[in-house]
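See structure below.
The values are calculated or read from the model by the stated rules, or taken from the named source; none is laboratory data. Small disclaimer: the values here were computed from a predicted structure and weren't measured. Positions of Cβ are backbone-derived with ideal geometry, glycine not excepted, and every protein chain shown enters the neighbour counts. In case anyone asks, the SASA skips ligands and DNA or RNA and just uses the protein heavy atoms, side chains included. Shrake-Rupley method; radii C 1.70, N 1.55, O 1.52, S 1.80 Å.
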There are 2 protein chains.
Amino acid sequence: MGLTFQVLATEGLARRGRLTLAHGVVETPAFMPVGTRAAVKSVTMDDVRALGADIVLANTYHLHLRPGDPLIARAGGLHAFMGWDRPILTDSGGYQVFSLAERRTLSEEGVVFRSHLDGQLCSLTPESAADIQARLGSDVAMMFDECPSWPATHDETHATMARTLRWARRGRERFQALGTGQATDVLRPNAGQVQFGIIQGGTYKDLRDQSVVGTLEVGFDGYAIGGLSVGEPVEVMYDITAHTAAQLPGTMPRYLMGTGMPDDLFESVDRGIDLFDCVLPTRNARNGQLFTRSGPINIKHARYAEDARPPDPDCGCPTCRRHSRAYLRHLFMAGEMTAATLNTLHNLHFYLDTMRSIRDAIKFGRFAELKRAFLETYSRRQAE
Amino acid sequence: MGLTFQVLATEGLARRGRLTLAHGVVETPAFMPVGTRAAVKSVTMDDVRALGADIVLANTYHLHLRPGDPLIARAGGLHAFMGWDRPILTDSGGYQVFSLAERRTLSEEGVVFRSHLDGQLCSLTPESAADIQARLGSDVAMMFDECPSWPATHDETHATMARTLRWARRGRERFQALGTGQATDVLRPNAGQVQFGIIQGGTYKDLRDQSVVGTLEVGFDGYAIGGLSVGEPVEVMYDITAHTAAQLPGTMPRYLMGTGMPDDLFESVDRGIDLFDCVLPTRNARNGQLFTRSGPINIKHARYAEDARPPDPDCGCPTCRRHSRAYLRHLFMAGEMTAATLNTLHNLHFYLDTMRSIRDAIKFGRFAELKRAFLETYSRRQAE
């Protein structure tokens, strides 16, 4: 039970690792495709596996509202429900409750809010977030945290961080009570579930320090850095990531939540990060943005109307092997759902393949070289 | 060049055949998934091939309007453009111009209409429909016909049928002029394209007879029965299909356009039909209707909320192998695009697998038995 994490190789702070969870092995550094409502939008779980994903993320907030965690628990948990027998990480619902829910009221107890679907009154607390994730049966549950907006003052951020620490203790206690059978009212389909803590503290290093100390004191199975990629300059994000990651135990996995652009993956691995999730590859695919070795392109652009080249000539994904930019542009302009499918396959392949290259590079001591080469050709700005 | 059609086995009027077109072999009786705008909605061409389709249908009207047949011709034709190297049949645009286009004016010359996309003035004639399809480079082009609505009087139907016959001659002449190089202004990426004629005449047998005689006199590479599945009672459709098919040459493929429900496939094969196309499996999938051995089910229904069975327990498709009705209902209710993908995979598999069973059955002289068994368990009415 629980997780094992082996560091197989390092280069600087970059780590090539192997995370073993209840439903299998995750080769790290790893990118987790986002399957918000128990599906990665516009593709199938067979597709996701064929693209090489070891683990996916699902959203507690969305699944709690619909179809409901008790229904999923009765179905045998999220793995059985969604037909994915490999690792799953669930977020705690904190981020969505602060970004999506309506009329939320925050108190020491937790958050009371109205569902964005039907206005129904709901609540999430450190305890209920643990219970919901226990019912979902994910391999990794996340503690419930308060997500600060950006920018925020030192005082505001301190208050958020301090409350998150108090919630960390309550969430961990509930998780452990579930694990030891003290809370028998919760159907718990995955006895091997582990729980990660979340470090908050915004862009203030002293608050990050306090958050690390307090969260480690509570003690989790792994640690995430939250509250970044929320609007702060990218250099600040890298700086806080480096500062925080350095204080987390080297023997445990480190997860940078909600990041990021392809170059962020390199920069964050270089600062000791092992796990990533981000909606960019899937969401941008549906908006017609395709990632390539030289930067993102927007397939809507008229310049692609008769472009016979695949989206990325260096890419071996199913979309690039078979289709031209001209065809993908036609599908997108015509509003064909297949456009979303083909674009998503490409973008997920791009992210997962980038992680594969990173893992191989660390193994052979060539990560610095790979990163330099990538950043030399990759431009964040869209080629137009 | 041209097609070959071998009848490998027969049972009554049912034929097990092999149609060889410029881009490969179609085992008949065959169902053609509909790829209206050069894509089968919500799935990829790799999916379509993996499901076992030998041939797909694409729509002349839609592709003429967007992205335009000259663009597709410059891309090397529809096969290169859409990444499908197997046979393609294109309709003539007639059906869409009569059902979708705005403010159309019909004359002996053809149809002038406004695009349903942007109101642009367009026209289709027997000659231009041949030219457009030549540019698309499909393996089978269809002659341009006038599609009558139902019901229609004998006089109305006669006028439609007679005009269609005059258009047949013009369309065939243009097709032949393209083939012999007399019309050099049309880029023609598939030198092996063949053309099918279309029999009209509505539900009047005497008009069907006249249409057959006249169309055979023009002479095409294969023959289709048009103007059915437009609202007439199913018994009338079967009767007219039988009556018309019996007069078509036994050595050439027979295509029943736009049909139908799963039981229609059996009834029509039994009356000598070799080729089918229909939007039902794909369109109904997007509306949540899944075909099963016992009849269609609508996955939206609350009774499926906790149903752990696959859509069809007897089905081996990727959706049924991995997913429950409960999961598919959740995806549908949540508006996830993956619902359309998984439902479409299932329904196309159902149709293509039904055709496989039919082909095998005819080969072994067991078609009557298969048909009886199918009709005994299959109900057109939705199980609710």
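Estimated purely from DSSP H runs of n ≥ 4, each contributing -39500 (n - 2.57), the mean residue ellipticity at 222 nm for chain A is -12500 deg cm²/dmol once divided by its residues. Of the solvent-accessible surface of the protein assembly as shown, computed with a 1.4 Å probe and all protein chains present, 50% belongs to carbon and sulfur. Taking every residue in A:317-328 and counting other chain Cβ atoms within 10 Å of its Cβ, the average works out to 4. Over the stretch A:96-141, accessible surface divided per residue gives 40 Å², non-protein components excluded, 1.4 Å probe.
What residues of the stretch B:299-316 lose no less than 30 Å² of accessible area with every protein chain in place versus their chain by itself (probe 1.4 Å, heavy atoms only)? By number: B:GLU306. Label points for B:GLU102 are taken 7 Å from Cα along Cα→Cβ. From this copy to the others they lie 3.4 nm apart, shortest first. Select from chain B the helices, each a whole stretch of DSSP H, whose alpha-carbon atoms run 15 Å or more along the helix axis and whose Kyte-Doolittle mean is at least 0.5; answer none if there are none. Helices meeting the criterion: none. Copy-to-copy label distances for A:ARG163, where each label lies 7 Å from Cα along Cα-to-Cβ, are 7.2 nm in order of increasing length.
Dipole orientation for the stretch A:293-384: of the candidates A:PHE374, A:ASN298, A:ILE362, A:ILE362 has the Cα lying most toward the positive pole (charges on Cβ; Lys, Arg +1; Asp, Glu -1). When only the Cβ of Lys, Arg, Asp and Glu is charged (+1, +1, -1, -1), the dipole of chain B relative to its Cα centre reaches about 780 debye. The simple Förster model, with R0 at 45 Å and r as the Cβ-Cβ distance, assigns B:ALA191 and A:ASP360 a FRET efficiency of 0.45. Total buried accessible area between A and B, probe 1.4 Å, nearest 100: 3200 Å². The distance linking the stretch B:284-348 with the stretch B:14-61 is 23 Å (Cα centroid to Cα centroid, whole angstrom). Remark: the stretch A:298-384 carries 44 Å² of accessible area per residue (probe radius 1.4 Å; ligands, DNA and RNA excluded). Label-point spacing for A:LEU117 across the identical copies (point 7 Å from Cα in the Cβ direction), in nm and ascending order: 3.7.
Summing +1 for each Lys or Arg and -1 for each Asp or Glu among the other residues whose beta-carbon sits under 15 angstrom from that of A:PHE81 gives +4. Counting only other chain Cβ atoms within 10 Å of each residue's Cβ, the peptide A:37-49 averages 5. The separation of the stretch A:159-196 from the stretch B:121-153, counted between C-alpha centres, amounts to 66 Å. Counting only C-alpha contacts under 8 Å and six or more residues apart, can you give the relative contact order of the stretch A:173-278 as a whole percent? Reported relative contact order: 22 percent. Placing pseudo-labels 7 Å out from each Cα toward the beta carbon at B:ALA50 and B:GLU376 gives an inter-label distance of 3.5 nm.
The Cβ shell under 10 Å around B:VAL25 holds other residues with a net charge of 0, Lys and Arg each +1, Asp and Glu each -1. Under a 10 Å cutoff between Cα atoms, tell me which one of B:VAL234, B:VAL112, B:VAL26 has the largest fluctuation in the Gaussian network model of chain B. So, out of B:VAL234, B:VAL112, B:VAL26, the one fluctuating most is B:VAL234.
For the residue pairs B:LYS41/B:LYS300; A:LYS41/B:LYS41; B:LYS41/B:LYS205; B:LYS300/B:LYS371; A:LYS300/B:LYS41, the alpha carbons lie more than 25 Å apart in B:LYS41/B:LYS205; B:LYS300/B:LYS371.
Residues of the stretch A:337-354 whose accessible area, computed with a 1.4 Å probe over protein heavy atoms, drops by at least 20 Å² once all protein chains are present relative to their chain alone are A:MET337, A:THR338, A:THR341. Taking all Cα pairs closer than 8 Å and separated by 6 or more residues, the relative contact order of the stretch B:295-376 comes to 23 percent. When the Cα centres of the stretch B:214-283 and the stretch B:69-87 are compared, how far apart do they sit, in Å? Computed from Cα coordinates, the inter-centre distance equals 28 Å.
Look at the alpha carbon pairs under 8 Å that are at least 6 residues apart: their mean separation over the length of chain A gives a relative contact order of 17 percent.
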